[in-house]
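See below for the structure under consideration.
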Amino acid sequence: MSRYPTIHRIIFFSIIITLLTISPFPKELTAQTKEGSEQFYYLEGLRQYNIGSLGEAQKIFDELIKRGTKNDAIYYYSANLSLQKGDFARALLLMETAVKMDPQNYWYRVQLAQILAAQNKLDQATKIYEELLEMYPQKTELYDDMIDIYIQQKNIAKAWKVLDQIEKVVGKNEATGLTRYNLLVYENKKEEAFKYLEEFDKEFGTPRTATLLGDIHSGRQKDTLALEYYSKALTMDPTYIPASFGMAEVFRIRSQFDLYFERAFPFMANPEIDSKMKVSYMTEILSSQKFVQTFTPQVDTMMSNLYLAHPTDTSVAYTYALYLVQTSRTDQAMMVLDKNLKAHYTSKEAHKQYLSLLYYMESWDKLVICSDSALTVLPKNRDFMELKGIGLLQSQRIPESIVIFKELLTLAKGDSASTVRNLSVLGDLYYQIGNKKESFSYYRKTLSKEPKHIATLNNYAYYLSLENKDLKRAHEMSKKTIEAEPNNPTYLDTYAWILHLMGMNIEARAILKHAMIYGGNENAAILDHYSEVLYALKEYDLAYIYWNQADKLDPSLGIAAKMVKKRGEAK
């Protein structure tokens, strides 16, 4: 017995219709042909519905409704299609029409009640269910739905009453037992609920009740009792996966990993188990780097089993690809996401996953090409446009990147966060092509909208320092960045360099020394600046030590030649 109402209860009919070609709807129907033609299109719509061509079915049903059909079933099926799209308002209107046309139809009224409940119109839903119960007292699913509604209304007394009625009609069974357990838990009578379930399991035990008791004992860290109940469940049904998985978790917690993997492998390989639940579980497992490193072959098997069980599931493909990246197999990860993209080419998420991996792999040219492909599917998608802009930037195609980010700026109207981000990026891009005037203009626009935009404050201040002008303003901006992020080596370097240009070398040295602790010693440019400050303070030997380190990190900076020149100046 479910705790939440099921909205989709669809009656499927087996209809075989052989149609070589389907002509478009005639613009007019004569009195003689109208009835037969409508039936023809209704059957074709039903055929499309049953083979899964829901879009085509929707078109046919919509046209028939537009023409004023008196066939109540068309409204019913059209309501189902609206439900699948999440359009509950339209589904409600359609089902109300169907019920008006055939007020005695049991399934129509149940569907209407479920839609009302889903829209939180619980009083109206309750009225329908109560009327149906008077007419169909043997329909146990009605009791089930009513309990769900009473729980939503917090009318637990009525829920208990309905449950008692069910047990009078059908007796005790797994569904009624679990519902009684859940109601006790809802009333915060957890210990009473637990004891009830123990007694119920002794007399009416099923794999599900035994497994639930195993889960409770496992949560209470009573592993031995948990294993007893899981074993009981598996004795009743050796294929019952929840019990097998619960047992596996106990073995994992006990560090009995051989027994754990023995259960975990088939669990991941079973295509009948919900993929989302498995993805969530594996994400938690993968978060433990030590576990993955210790049991890489076994985790490999679990991940490959998961992927093989759900080869067309996008979330599974992405999780598997991330694992492959995590274990330095980016080429295999790319193959997985490439296959997933081909299977779901119109999916935004599939494109996003593929582009994200290209970004991670720094495949900039391919990122540009594939972003263009994604934009043919979803034109003007800002995520894809931004990735294309980044790819162009990293490929040194700066003017083209500027065009993209200007377009993004236009599309971002009304989105303040995106506007600020795009203004800041344009400031950086224009500086890279030497247009300082335009660059500084975009920085000022950024700060006018977001005065505390740290990246812009840093970049604007640093570029002003490179021009050796307006140092007071640069100092003020840079100071804000280190107040916001006091351990950021890049921001510390900018601030120290401005202090150096202002002749405050002792202060600059202290700042750069702090930057060394937080990663500055791994950055050639920061080491170069530190050496310049030390040299200005006449600490020549120490300056040369850091210059040597900088030169080893990045010989392209020309530091070796600089040291020769500096040695000459120091004599």
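Nothing in this text is a laboratory measurement; each read-out follows from the coordinates by a stated rule. Because the structure is predicted, anything quoted here is derived from the model rather than measured. Positions of Cβ are backbone-derived with ideal geometry, glycine not excepted, and every protein chain shown enters the neighbour counts.
Report the relative contact order of region 486-571, percent, no decimals, based on alpha-carbon pairs under 8 angstrom and at least 6 residues apart.
Working: 94 pairs, mean separation 19.1, N = 86.
Over region 486-571, the number comes to 22 percent.
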On Cα atoms only, tilt of 382-394 relative to the major axis of the chain in degrees
30 degrees
Rounded to whole Hz, the Karplus (6.51, -1.76, 1.60) HN-Hα couplings of region 67-81, x for glycine and proline:
7, x, 4, 9, 7, 4, 4, 5, 5, 5, 5, 5, 5, 4, 5
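With a cut-off of at most 16 other beta carbons within 10 Å, and DSSP calling the residue loop, which trypsin sites (Lys or Arg not before Pro) in region 463-562 qualify? Please list them.
Working: sites: K469, K472, R473, K479, K480, R509, K513, K538, K552, K562; in loops: K469, K538.
Of the trypsin sites (Lys or Arg not before Pro), the ones in loops of region 463-562 whose Cβ has at most 16 other Cβ atoms within 10 Å are K469, K538.
Counting Lys and Arg as +1 and Asp and Glu as -1, each charge on the Cβ, what is the dipole of region 299-413 about the Cα centre in debye, to the nearest 20? Mind dumping the intermediate values first?
Details: 12 positive and 12 negative charges, 67 e Å.
Dipole about the Cα centre, nearest 20: 320 debye.
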Roughly how big is the chain's charge dipole about its Cα centre, with Cβ charges of +1 (Lys, Arg) and -1 (Asp, Glu), in debye to the nearest 20?
1620 debye
Applying the Karplus parametrisation 6.51 cos²θ - 1.76 cosθ + 1.60 with θ = phi - 60° to the phi angles of region 539-555, what ³J(HN,Hα) value in whole Hz is obtained for each residue in order, glycine and proline being reported as x?
9, 4, 4, 5, 4, 5, 4, 6, 5, 4, 5, 5, 5, 5, 6, 8, x
Computed Rg/Rh of region 219-365, alpha carbon atoms with Kirkwood Rh:
1.04
From the residues S287, L341, F251, which one has its Cα farthest along the dipole of region 207-363 in the positive direction, the dipole being from +1 and -1 charges on Cβ of Lys/Arg and Asp/Glu about the Cα centre?
S287
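With viscosity set to 1.567 mPa s at 4 °C, what whole-number translational diffusion coefficient in µm²/s follows for region 486-571 from Stokes-Einstein and a Kirkwood radius over Cα pairs? It would help to have the intermediate numbers written out before the result.
Numbers: Rh = 12.6 Å.
After rounding, the answer is 103 µm²/s.
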[x] 93, 64, 47; [y] 157, 54, 47; [z] 106, 74, 45: which one is Cα extents along the principal axes in Å as calculated from this entry?
[z]
Considering only A474, M268, N120, whose Cα is most displaced toward the positive end of the charge dipole of the chain, charges sitting on Cβ of Lys, Arg (+1) and Asp, Glu (-1)?
A474
Selection of GluC sites (Glu not before Pro), region 329-430, meeting DSSP coil and at most 10 other Cβ within 10 Å:
E362
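When only C-alpha pairs under 8 Å and at least 6 residues apart count, what is the relative contact order of the chain, in percent? Write out the running numbers ahead of the final one.
On the way: 610 pairs, mean separation 23.7, N = 571.
With pairs under 8 Å counted, the relative contact order is 4 percent.
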What residue among I166, M146, V368 has its Cα farthest toward the positive end of the dipole of the chain, where the charges are +1 on Lys, Arg and -1 on Asp, Glu, each on the Cβ?
V368
Can I get the semi-axes of region 316-415's equivalent ellipsoid? Compute them from the C-alpha gyration tensor as square roots of 5 times the eigenvalues, in angstrom, largest first.
25, 16, 10
Treating the angle as unsigned and between 0 and 90°, give the value, to the nearest 10°, between the Cα long axis of helix 505-517 and the longest Cα principal axis of the chain.
40 degrees
Within straight cross-link reach of K480, meaning Cα distance under 15 Å, which aspartates and glutamates are found once same-chain residues fewer than 8 apart are removed?
E450, D493
Which of the GluC sites (Glu not before Pro) found in region 111-187 are loop residues per DSSP with 14 or fewer other Cβ atoms within 10 Å of their Cβ?
E187
Tilt, helix 398-411 to longest principal axis of the chain (alpha-carbon atoms), in degrees rounded to tens, equals 50 degrees
